[in-house]
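Asker: Sharing a structure with you now.
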Amino acid sequence: MIRLCLSLMLFGTSAQAAPLSEIRVEGNRRVEDAAVLGTISTRVGQEIDPIRVARDVRRLWDLGRFSSIDWFLESGTVLIIRVKERPSVREVRHEGLDDIDQEERDGVTEVKAGFPIDEAAVRRSTVKLRKLLSDKGYYLSEVGYRILEAPDQRVDVVFDYVQGNKVLIHRYALVGNREIDDGELKGRLQLKERDWMHFLTDSGVFDEEKLNIDSQILEMLYRDRGYLDVKIGTPRVEVTPDKAGLTIEIPIEEGKAYTVGRLGFAGELILPADRLDRVTELKPGALFSAGALHRSTAALTRIYKDKGYAYANIGTDARPRKQEQIVDLDFTLQRGPRVRVERIEISGNYKTRDKVIRRQMKLQEGDLYSATAVERSKLRITTLGFFEQEGGVEIIERPGSAPDQIVLEVKVREQMTGSINANFGYSSYDNFLAMAAVSQDNFLGHGTKLALQAQYSSVRQIFSFNYSDPHLLDTNWTLSFSLFDNETAYDNFVRDARGATLVGGYRFGDYLHLSLGWMGEHVAIDQENLRIPLPGVIPGEGLFTSALKIRSTWDSRDNRLYPSRGWYNTLGFDWAEPWMLSEVSLLRTDAAVRGYYPLPLGAVFKASVRLGHLYSDRPLPQENFFAGGIYSLRGFRLRSVGPTARVPNGYTPDSPMVEEVVGGNKQLIGSFEVEFPLVRAARLTGVVFYDAGNVWARGEPWLGGQPGVWPHGLLHSVGYGVRWQSPMGPLRFEIGYPLTPRSGPIYDEPSLFEFTIGSLF
């Protein structure tokens, strides 16, 4: 309440008003006099100004600290400001609330202890708390409040909850759709019916905001199919009779689909109209699509922007003819000035040096602007891994000092690039495993990488040090160096390898990398663990290999961790000769082709083919190829696929002869799989696969026929599995079924279950 005394108002209109001799504040206990006097503009020595006084009163009221303010004059020159302070909040309590995290609860509560009470804020808090409960599945819950008096002109605010049981969506129905089926529509909606994983995800949880978004999504999907007259009705939300769930129905009036009529281009054309027409997805007579219209406009704009017209504007005029269900389209093209890059500004990089970011730019100062080059630059900077993956790299375009100039501002948000971590896991191959690593992917901000890693399991002990510079001396040249000590236990021997590599390479464009290097490796076979002698191997003998390493890599994947499209192809040669100080002559060839293609509903088709060949001047069974296992031919036991030999089961003359897989010098493995999301929020995916491959011995032809193996001498399998990107690392559970099971000494089970748990190198 605000009151101005009548004497003040009369005095304010008097022509004989005297200057103020004093301004006094009364009634305040917690608010200091200085705070009040500092807020108002009226000062001692001034005459009373009604307009200024009214403004001062409003300023004090806006502080939110007072419930009433009285102004009046005393003795004609003394201004009294008498206030009544609002009670302050002593305590905020929540009663009847069990399952909501305190941080979430406090985050939506506007009332705080120590601040003046504001009942409007209390009421807003109840609305937000009710929404929070609803979002958690407590749809039938209620929230009230009480304001209780406390000593010293303070109050307690109590929020009272009537928390019902969690209510999930039992049925989510679309009514009236005939041309587009439920599965296609509901797969795009945000709300989902509860599923068997609802305790880990938000499936089944009702959210009114998401329901409104779903109505918009439905309209967009229909308009994308040409149904321009579609009407999405008001959703109907009802509680089931047992009050245990919700049913939601969204009525749909589809209308009729429109087709494309006339297609025209006008304005400043930089290409003939027939060439522009090829860019558009919409053709006369085809089904109209709002999405295709948007993509066509974007494609036309991209043509202009890639030729330097950064400010090009493509207007669209869609004119429906309702009686004929036809849409005529006109594109109006305005190119604007041709633009060059005036300046590139970099900000947000506190550790990473400017040059590391700048060398990833596909544009430099003075270059003709290109939208595609800007996007490629952003992708190249993001894939460095030095910045946050979500919104960590932005390239903002600003007008330059002239109409034909543009400024590119690269804004980054750095993330931690160094790590010290330890992981533990279990797999059907390694059994128990432990890993520790210290790494820095952006050493001293130069973009170089250092890593020290150690891994221990029942079959493998790996120690390595790695250094790499992807841009040696700020060029496209690369350099890497490594030291390693790897020990691997197989069924019939233990391979111990120690050595080093030094590799230099050059990057051609964004995808191609060629490298040439050297590897020195000493390999020995552990005699104590050699159960079955290997043909041509002397236990305990060590061989030193000095080899040239030649490799080409083509990597166009959209994401190196979770690719959904692109290719990853490699071709490598290891060549060793005595003149290279090698104790063995060999030529090892390995090649791999991996392709990724996105499918509807978030699925990804993956195909890979890899082959290997080994030539040496002496038998090297410890270097032979083997197949089988979760990372090779699934459905066949680990390292069970390959040529066999009859060897003695021991070193005594009377040792019995057994059939043993000894590996071969050439292999071919193909894999085709479809990975699809099961529970997106939990990063749980399913997979179905088909594998084919084999390993052949020296002297055997590639794809040579073998008894019981079809076709072309290959073993085949199919299967399915589940993969989970869990907090502890990737988990794989897969079952394979051999289509060409073998019998005899080397036999295959009807099915084979394999799994890996934990982080693996």
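The values are calculated or read from the model by the stated rules, or taken from the named source; none is laboratory data. Because the structure is a prediction, the values reported are computed rather than measured. Note: ideal-geometry Cβ built from the backbone for every residue, glycine included; neighbour counts use all protein chains shown.
Asker: Just to be sure, is Glu104 of a type in the set (D, E, K, R), on the phi < 0 side of the Ramachandran plot and part of a loop (DSSP other than H, G, I, E, B)? First the steps, then the outcome.
Answerer: Numbers: of a type in the set (D, E, K, R): yes; on the phi < 0 side of the Ramachandran plot: yes; part of a loop (DSSP other than H, G, I, E, B): no.
Here the answer is no, as Glu104 does not meet what is asked.
Asker: Please state which one of Gly245, Gly226 is closer than 12 Å to Leu168 by Cα and surrounded by 16 or more Cβ atoms within 10 Å (Cβ to Cβ).
Answerer: Going through Gly245, Gly226 in turn, the sole match is Gly245.
Asker: Further question on the same structure: Search segment 134-151 for residues that are among the charged types (D, E, K, R) and pair each with any residue that is in a loop (DSSP other than H, G, I, E, B) when their beta-carbon atoms are under 6 Å apart and the residues are at least 6 apart or on different chains.
Answerer: Asp135/Asp207
Asker: Can you name the condition, by its number, that Glu184 falls short on among (1) within 30 Å of Pro677 (Cα to Cα); (2) assigned by TED's automatic domain parsing to the domain that holds Lys307; (3) surrounded by fewer than 18 Cβ atoms within 10 Å (Cβ to Cβ)?
Answerer: Unmet for Glu184, out of (1) within 30 Å of Pro677 (Cα to Cα); (2) assigned by TED's automatic domain parsing to the domain that holds Lys307; (3) surrounded by fewer than 18 Cβ atoms within 10 Å (Cβ to Cβ): (2).
Asker: Something else: Could you pull out the residue among Val230, Val158, Val143 that is more than 30 Å from Glu95 (Cβ to Cβ) and either over 30 Å from the mean Cα position of the chain (by Cα) or β-branched (Val, Ile, Thr) (or both)?
Answerer: Unique residue meeting the criteria: Val230.
Asker: Of the conditions (1) assigned by TED's automatic domain parsing to the domain that holds Leu300; (2) free of Cβ contacts under 8 Å to residues at least 24 places away in the same chain; (3) surrounded by 15 or more Cβ atoms within 10 Å (Cβ to Cβ), Leu329 fails just one. Which one is it?
Answerer: (2) is the only condition that Leu329 fails.
Asker: Same structure, new question: Any residue at all in segment 608-627 that's among the basic types (Lys, Arg), within 30 Å of Gly542 (Cβ to Cβ), without any contact (Cβ under 8 Å) to a residue 24 or more places away in the chain and surrounded by fewer than 18 Cβ atoms within 10 Å (Cβ to Cβ)?
Answerer: Our first condition is that a residue be among the basic types (Lys, Arg); within segment 608-627, this holds for 610, 618.
Those left that are additionally within 30 Å of Gly542 (Cβ to Cβ): 610, 618.
Right, trim to without any contact (Cβ under 8 Å) to a residue 24 or more places away in the chain and you get none.
No: zero hits.
Asker: Right, another one. Hey, can you tell me all the residues within segment 414-433 that are surrounded by 15 or more Cβ atoms within 10 Å (Cβ to Cβ) and at pLDDT 65 or above?
Answerer: Listed by number, the residues that qualify are Glu414, Thr417.
Asker: Looking at segment 373-410 only, could you name the residues that are charged (D, E, K, R), surrounded by 14 or more Cβ atoms within 10 Å (Cβ to Cβ) and within 23 Å of Asp555 (Cα to Cα)?
Answerer: Just the residues of segment 373-410 that are charged (D, E, K, R), to begin with: 375-376, 378, 380, 388, 390, 394, 397-398, 404, 409.
Filter once more, keeping what is surrounded by 14 or more Cβ atoms within 10 Å (Cβ to Cβ): 376, 378, 380, 394, 397, 404, 409.
Across segment 373-410, the qualifying residues are Arg376, Lys378, Arg380.
Asker: Another one. Out of the residues in segment 650-693 that are crowded, with 20+ Cβ neighbours inside 10 Å and part of a loop (DSSP other than H, G, I, E, B), state the one that is modelled with the lowest pLDDT.
Answerer: Val662
Asker: Among the numbered criteria (1) surrounded by fewer than 16 Cβ atoms within 10 Å (Cβ to Cβ); (2) at pLDDT 80 or above, which single criterion is violated by Thr501?
Answerer: (1)
Asker: Give segment 157-181 a look and list any residue that's hydrophobic (A, V, I, L, M, F, W, C) and either farther than 14 Å from Gly204 by Cα or buried (at least 16 other Cβ atoms within 10 Å of the Cβ) (or both), or say none.
Answerer: Filtering segment 157-181 for residues hydrophobic (A, V, I, L, M, F, W, C) gives 157-159, 162, 167-169, 173-175, 180.
Within segment 157-181, Val157, Val158, Phe159, Val162, Val167, Leu168, Ile169, Leu174, Val175, Ile180 qualify.
Asker: Next up: In the list Arg335, Arg278, which residue meets the criterion of being more than 20 Å from Gly226 (Cα to Cα) and without any contact (Cβ under 8 Å) to a residue 24 or more places away in the chain?
Answerer: Going through Arg335, Arg278 in turn, just one is more than 20 Å from Gly226 (Cα to Cα) and without any contact (Cβ under 8 Å) to a residue 24 or more places away in the chain: Arg278.
Asker: Exactly one condition in (1) under 26 Å from Gly520 (Cβ atoms); (2) part of a helix (DSSP H, G or I) is false for Leu601; which is it?
Answerer: (1)
Asker: Can you find even one residue in segment 243-264 that is of a type in the set (D, E, K, R) and free of Cβ contacts under 8 Å to residues at least 60 places away in the same chain?
Answerer: no
Asker: Which ones in segment 734-761 are at pLDDT 90 or above and part of a strand (DSSP E or B)? Walk me through it before giving the result.
Answerer: So the first thing to find is which residues in segment 734-761 are at pLDDT 90 or above, and the list is 734-739.
Scanning segment 734-761 gives Glu734, Ile735, Gly736, Tyr737, Pro738.
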